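Student: I have a structure here, written as structure tokens, and I will follow up with some questions on it.
The values are calculated or read from the model by the stated rules, or taken from the named source; none is laboratory data. Predicted model only: the values in this text are computed from it and were never measured. Virtual Cβ from ideal backbone geometry, glycine too; neighbours counted across all protein chains shown. The accessibility values were calculated without ligands, DNA or RNA, using every heavy atom of the protein model including side chains. Shrake-Rupley method; radii C 1.70, N 1.55, O 1.52, S 1.80 Å.
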Amino acid sequence: QVQLVESGGGVVQPGGSLRLSCVASGSVFKVNVMGWYRQAPGKQRELVATITRGATTNSADSVKGRFTISRDNAKNTVYLQMNSLKPEDTAVYYCNAITWLREDYWGKGTLVTVSS
């Protein structure tokens, strides 16, 4: 079992920045890929960015150049640095972890609201 706890969400003005954190606990040794997804009101959940244990990253076109995902394996933590935030970035952001056996774990989410 892997537990994921997100933090860092909040309210920010357009153009501002936030850094989200996701701390993994439990059977962390089983985790291969971690990532961030988001779900805006009335919309489907979408991929934001992923990162492997070896720090290979992938991100959605909508956030490239603005968001950066990183991983600190020693701290069992994944970060999402969010810059130049736009109102359309408003969503609940979920941390995700996938194990070597393709097991899928999710955090409870943290709300990011971008509004003036």
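Student: Here is a list of conditions, (1) touching a Ser or Thr at 6+ places or on another chain (Cβ under 6 Å); (2) at pLDDT 95 or above, and Val31 meets all of them except one; can you say which number that is?
Tutor: (2) is the only condition that Val31 fails.
Student: Determine which single condition Thr77 fails, assuming it passes every other condition in (1) more than 28 Å from Lys30 (Cα to Cα); (2) free of Cβ contacts under 8 Å to residues at least 60 places away in the same chain; (3) among the hydroxyl-bearing types (Ser, Thr, Tyr).
Tutor: It is condition (1) that Thr77 fails.
Student: Outside any loop (DSSP other than H, G, I, E, B) and closer than 16 Å to Thr113 by Cα - does that describe any residue in region 51-64?
Tutor: Within region 51-64, the first condition is being outside any loop (DSSP other than H, G, I, E, B), and the residues that meet it are 51-52, 57-59.
Now restrict to residues that are closer than 16 Å to Thr113 by Cα: none.
Scanning region 51-64 turns up no residue that is outside any loop (DSSP other than H, G, I, E, B) and closer than 16 Å to Thr113 by Cα.
Student: Looking at region 73-116, which of the residues that are farther than 17 Å from Met34 by Cα and among the polar types (S, T, N, Q) is surrounded by the most Cβ atoms within 10 Å (Cβ to Cβ)?
Tutor: Ranking the qualifying residues of region 73-116, first place goes to Thr90.
Student: Further, regarding this structure: Residue pairs, Cβ under 6 Å, 6 or more apart or interchain, first in region 91-116 and farther than 30 Å from Gln13 by Cα, second open to solvent by 60 Å² or more (accessible area, probe 1.4 Å). List them.
Tutor: Close Cβ pairs satisfying both conditions: Ile98/Asp104.
Student: Next question. Just checking, how many residues over region 49-72 are modelled with pLDDT under 95, open to solvent by 60 Å² or more (accessible area, probe 1.4 Å) and out of contact with any helix residue (DSSP H, G or I) (no Cβ under 8 Å at 6 or more places or on another chain)?
Tutor: Residues that pass the stated criteria total 2.
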